[in-house]
Amino acid sequence: MEYNPFHNGHLYHLTSARELVRPDYTIAVMSGNFCQRGEPAVIDKFARAEIALRMGIDVVLELPVVFATQDAGGFAFGAVSVLDATGVVTDVVFGSESNDIGFLQRVAQILYEQPDEYQKFLHEELKKGYSFPNARKYALMRYFSMKGWNEEEVLRLEKSNDILGVEYIHSALKIGSNIRFHTIKRVGAEEKDTSFRGRFSSATAIRNLIREERWEEVRDSLPEDSFEILMREINEGRGPVFLENMGDFLLSFFRLKNMEFFE
């Protein structure tokens, strides 16, 4: 999780996950001060962890930055590895657009086993000049068709949560983890939706609202404790942090370095 910031969709996920698996304790693996694509979190990891604990999570573990800033595969591998290393995690619940754990497990198994036919299709699609994600999608569609399965199901993998879900399961297979995976239907706006959608707006949209200082709409999008801590951090000068705010700092940093630094 990134909890950047912790919004109503995250609270829905947490509540639903507890109802689904009835855990003794709840652990979250959370990005630190930097998230995917290397973007800084709007408030620091300690404040975001404080929010998560207030929301009822028992333990917050930091996802090392080397994984937190990677693509879905690297992010998922790091998160599953951290959870598995605890030795106490039995179940993982993640949001999913399709909410079809069987489909996601089937795809993850193909990616793990790398059957010859799939590899052949993948190489052919890559030779056509497609990016790796698109080549993989088309190769999976051809593999599904060959097996007599519905190839249109693969189009679900255009959705970010389903992509991440496949990578969670794939990562568990790679490290030999016995963790069980479950899905919860994603509610509200899509992850990349930049428009305000009321109580279940996306994290992207909420960060835009924060940037524009539209505080009433931010309040509507976050649980009360999350909004309270966010505003505390902002009022005390510790946020919000956006990548564009760091331009002058980074430029000055590099200007002060000699050429040996870059060798």
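A compact table of results
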item: Residues of region 144-175 classified as in contact with a strand residue (DSSP E or B) (Cβ under 8 Å, 6 or more places away or on another chain) and within 16 Å of residue 78 (Cβ to Cβ), total; result: 5
item: Boolean, residue 65 is without any contact (Cβ under 8 Å) to a residue 40 or more places away in the chain, in contact with a strand residue (DSSP E or B) (Cβ under 8 Å, 6 or more places away or on another chain) and over 26 Å from residue 228 (Cα atoms); result: yes
item: Verdict on residue 171 being assigned by TED's automatic domain parsing to the domain that holds residue 34, surrounded by 15 or more Cβ atoms within 10 Å (Cβ to Cβ) and not aliphatic (A, V, I, L, M); result: yes
item: Criterion: polar (S, T, N, Q), out of contact with any Pro (no Cβ under 7 Å at 6 or more places or on another chain), surrounded by 15 or more Cβ atoms within 10 Å (Cβ to Cβ) and more than 22 Å from residue 21 (Cα to Cα) - qualifying residue of 145, 160; result: 160
item: Yes/no for residue 210 being in the same structural domain as residue 165 (by TED's automatic domain parsing) and aliphatic (A, V, I, L, M); result: no
item: Given (1) in a helix (DSSP H, G or I); (2) assigned by TED's automatic domain parsing to the domain that holds residue 22; (3) over 17 Å from residue 7 (Cα atoms), number of the condition residue 133 does not satisfy; result: (2)
item: Checking residue 1 against (1) closer than 17 Å to residue 183 by Cα; (2) crowded, with 18+ Cβ neighbours inside 10 Å; (3) in the same structural domain as residue 172 (by TED's automatic domain parsing), the condition it does not meet; result: (3)
item: Failed condition for residue 239, given (1) touching a residue at least 40 places away in the same chain (Cβ under 8 Å); (2) more than 30 Å from residue 108 (Cβ to Cβ); (3) in a helix (DSSP H, G or I); result: (3)
item: Lone qualifier among 165, 176, 148 - being under 14 Å from residue 109 (Cα atoms) and free of Cβ contacts under 8 Å to residues at least 12 places away in the same chain; result: 176
item: Where residue 185 falls short, out of the listed (1) over 23 Å from residue 63 (Cβ atoms); (2) not assigned by TED's automatic domain parsing to the domain that holds residue 67; result: (2)
item: Among (1) surrounded by fewer than 12 Cβ atoms within 10 Å (Cβ to Cβ); (2) at pLDDT 95 or above - the single one residue 223 does not satisfy; result: (1)
item: Subset tally (residues that are of a type in the set (A, V, I, L, M), part of a loop (DSSP other than H, G, I, E, B) and under 16 Å from residue 240 (Cα atoms)) for region 38-88; result: 3
item: Selection count where residues are among the charged types (D, E, K, R) and either surrounded by 14 or more Cβ atoms within 10 Å (Cβ to Cβ) or within 23 Å of the chain's Cα centre (by Cα) (or both), scope region 229-257; result: 3
item: Which numbered condition residue 210 misses (of (1) in contact (Cβ under 8 Å) with a residue 24 or more places away in the chain; (2) closer than 20 Å to residue 161 by Cα; (3) not in a loop (DSSP other than H, G, I, E, B)); result: (2)
item: Those residues of region 1-60 which are β-branched (Val, Ile, Thr) and at pLDDT below 95, in sequence order; result: none
item: Residues of region 16-37 classified as over 26 Å from residue 232 (Cβ atoms) and either of a type in the set (Asp, Glu) or part of a loop (DSSP other than H, G, I, E, B) (or both), total; result: 5
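The values are calculated or read from the model by the stated rules, or taken from the named source; none is laboratory data. Everything quoted here is computed from the prediction, not taken from an experiment. Don't worry about glycine lacking a Cβ; one is built from the backbone with ideal geometry, like all the others, and counts go over all protein chains shown.
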